[in-house]
Amino acid sequence: MQDQLEDTTSIPSHIMIDQPAPSELSSSDDNSDKPHRYPFKLTSFERRIYNVSSVFENLIKVKSEYAKDPKTEQYFSGRREEQLSNRLSDSPSPHYRISYEKSMEQLSRDNRDCFGGDRVQRFLDMGCSPGGFSNWLLEQNPGAAGVGVTLPNENAQFKLVTDGTLLDAGRYQIIYADITTFATEAVSRGGNPLSYLSSDASDVDSEETQRQFVEQYDLILAGAFPTLEGFVPWWYRIQLALSQLLVVFTNLAHGGACIIVVKNKPFRWLVELTSILRTSFTTVTASKGSVILRSTCYIVCREFHSTPEHLETVTEKLRAALTKLQDVSVDTPPEHDNNDGYRNERSMPLLSSLSDEELFEQEHEFFLEVFEPQWLVQYNGIRKVQKRRT
């Protein structure tokens, strides 16, 4: 997937190392800021989660220790250099594509093999480079057809190489485009975001072009994710995620599924997002896939059941949020320079008008149900590395 996850250190999910005690999920806990010091700067919503989730608390503490170890920086610097070198190569290694094929296989296995065996007929893969997810879906669903969207190779962090894959077969079409661009067009001009997606950029306004990709997909992969780009403005990550969600909610078939790549940090906007997913899909789970050490995971949503009224409400919220993000100044102080609890970033209400306290009371149990297992996997992975180093 374009601009996807970087770390593919694989640790079996059954390994449990120094497992923290389960969280106390009672909303009667005092969620105000406690007098103790936090290992990292946290947003106001992260602090609320920290104060009720021993799993998240232990993860934050072990991440603080892990970050201070010089070997950690050496490891990730080495991985970054390797990936940058592969990006510049005229013959990129198939390693990254294959690693994502394995991740897709694991995601399907974790969800009753729902993504193979010709259970997928039509899919859309946003952020499809380096092609692992799409290629696996084409291999495991011989009757499926798909569309992949990615940045041009000169701009992509992972090049899309079709040699030795099914990606150049007649049942798969690759479109080179910036997802935020055609989503922004849909917000400003109205209509379905995919009506602004074209295989012929010079003919984007023709009626035929506008109908080209607007259809109901039974699986949509929202996998475009910024990586290998150094500092990324806080609002861009959210804009990219919500742009893809707008595509999901305007093009996913009833009963369909979507897979979303997110940072698994409890920012307010992510809690708002999981609230919407909870009311729109029968099943919402998460998986680390093969990405263990980094704070990233896949949200897997199955059996889409949104009513027309609910769908209209959700899409209007997404359009309003994207409009709000467009108005955010790029001169906003970066979060690491903001000493007031990051109040101007990532804590901005986008998809809900509830106060932090109200949103927390309403959604924190479901949020922890989805994300605590992912925090635990990450915690165990870091502890395993630490024990190996001693």
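Taken together, the values in this text are just the output of simple stated rules run on the coordinates, not laboratory data. Everything numeric here is computed off the predicted structure, so don't read it as measured data. Cβ: placed from backbone, ideal geometry, glycine included. Neighbour counts: every protein chain shown.
A few comments on the model shown:
- Label-zone membership for the stretch 277-294, site Glu316, 7 angstrom Cα→C-beta point, backbone N under 20 Å: 277-281
- Computed magnitude of the charge dipole of the stretch 44-389 (debye, nearest 20; Cβ of K, R +1, Cβ of D, E -1): 1520
- Residues Arg97, Arg79, arranged from fewest to most other Cβ atoms within 10 angstrom of their Cβ, appear as Arg79, Arg97.
- Whole-Å semi-axes of the ellipsoid equivalent to the stretch 44-389 (Cα gyration tensor, √5λ, descending): 30, 26, 21
- Spin-label model, Lys68/Glu303: points 7 Å from Cα along the beta carbon direction are separated by 4.7 nm.
- Our coupling estimate for the stretch 131-141, obtained by passing each phi through the Karplus curve with A = 6.51, B = -1.76, C = 1.60 and θ = phi - 60°, is x, x, 5, 5, 5, 4, 4, 5, 5, 8, 10 Hz, Gly and Pro reported as x.
- Since only Thr72, Val328, Ser347 are under comparison, the one whose Cα sits farthest along the positive direction of the charge dipole of the stretch 44-389, derived from C-beta charges on Lys, Arg, Asp and Glu, is Thr72.
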